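Each remark here refers to the structure printed beneath this line.
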Amino acid sequence: MLHLTAGRVGSLLARRATAAFTASSARMASHGHDVVESVDMSQPMYWDRVDLPLPDRPYKDTLTATDKSLKQKEKGPWGQLSKEEKIALYRLTFCQTFPEMKQKTEEWKTVLGSVFFFLGFTGLVVWWQKVYVYPERPRTFDDEWQAKQLKRMLDMRISPVEGFSAKWDYEKGQWK
Amino acid sequence: MSLPKPVMRGMLAKRLRIHLPLAFVVSFGLALTYKFAVAEPRKRAYAEFYKTYDSIKDFNAMREAGVFESVRPTGK
């Protein structure tokens, strides 16, 4: 890595920049030539979604001759369509069925892994903060101070009816 | 292949028939439970406490403990 000349670093960066700035390219320039795969968002789009299963257009919009004849047959009584024809008509309009869309993926493993990773990273950040950022511990945290604080609360009769001091036996000097 | 005609209307009314009275019953129930489980015992506890409460004695105890700034403990 230290042997990279300035020229090579420059060309690498230039290629990265052009790839990033090609607005409509869906793939990174991996071979030096851009593979332009743009989606025209002004045309009706197709999608497979469980929550909104109503794409703007059918899946196959360029039909072959057989497809067209099948579509003609669809205009007649549907009882005359065979099971394969009905399935073929479905596949013309839709790419995936609901069960296919709802197939479970292994995405949860990635999600959970990333969550744990970042929790761990946060732990390291907090540790660094403990060493370099946090001020010194307030004296009010010491056990001795806490004991004196507790005694003072009892002396002041905090919540004497149902709460704090109600649980202290003042005659015996102990908790009830 | 003739399916029965699905329910087309009145779904909200049908749901509310059950859930609206149920909502009232549950709300009142919870309110009454809170009243008799929390509010009334608390009121009784306070009444009992103040029946036998000697405020002067309590004040003197607090004074001796040294929590006041207006009066110091007796002695010295």
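The values are calculated or read from the model by the stated rules, or taken from the named source; none is laboratory data. Because the structure is predicted, anything quoted here is derived from the model rather than measured. Ideal geometry is used to build each Cβ from the backbone, glycine not excepted, and the neighbour counts take in all protein chains shown. The protein model used for the area step is the full one, side chains on, heavy atoms only, and it has no ligands, DNA or RNA in it. Shrake-Rupley method; radii C 1.70, N 1.55, O 1.52, S 1.80 Å.
To the nearest 0.05, what FRET efficiency results for B:GLU64 and B:ALA37 with a Förster distance of 51 Å applied to their C-beta separation?
Numbers: r = 39 Å, r/R0 = 0.76.
With a Förster radius of 51 Å, E is 0.85.
Determine the per residue accessible area of the protein assembly as shown with all protein chains present and a 1.4 angstrom probe, expressed in square angstrom.
Details: 22300 Å² over 252 residues.
Accessible area per residue: 88 Å².
With Cβ to Cβ distances under 14 Å as the rule, what net charge do the other residues near A:THR97 carry (K, R +1; D, E -1)?
With Lys, Arg at +1 and Asp, Glu at -1, the net is +2.
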Task: Estimated inter-spin distance, B:ILE56 and A:ALA147, nm [label 7 Å along Cα→Cβ] - done: 3.6 nm
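Within 10 Å, count the other beta carbons around each residue, average over each peptide in A:102-113, B:60-71, and list them highest first. Intermediate values should be presented prior to the final figure.
Values: A:102-113: 8.5, B:60-71: 12.7.
Ranked by mean Cβ neighbours within 10 Å, highest first: B:60-71, A:102-113.
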Task: Residues whose placed amide H lies under 5 Å from that of A:TRP168, excluding near-sequence neighbours - done: A:LYS176
Task: Residues of the stretch A:132-176 buried by at least 40 Å² on assembly (accessible area, 1.4 Å probe, chain alone as reference) - done: A:ASP155, A:ARG157, A:VAL161, A:GLU162
- [ ] Could you tell me the total accessible area buried at the A-B interface, probe 1.4 Å, in square angstrom to the nearest hundred?
- [x] 800 Å²
Open item on the list: If you roll a 1.4 angstrom probe over the protein chains with everything in place, what fraction of the accessible area of the protein assembly as shown belongs to carbon and sulfur, to the nearest %?
Closed with: 63 percent
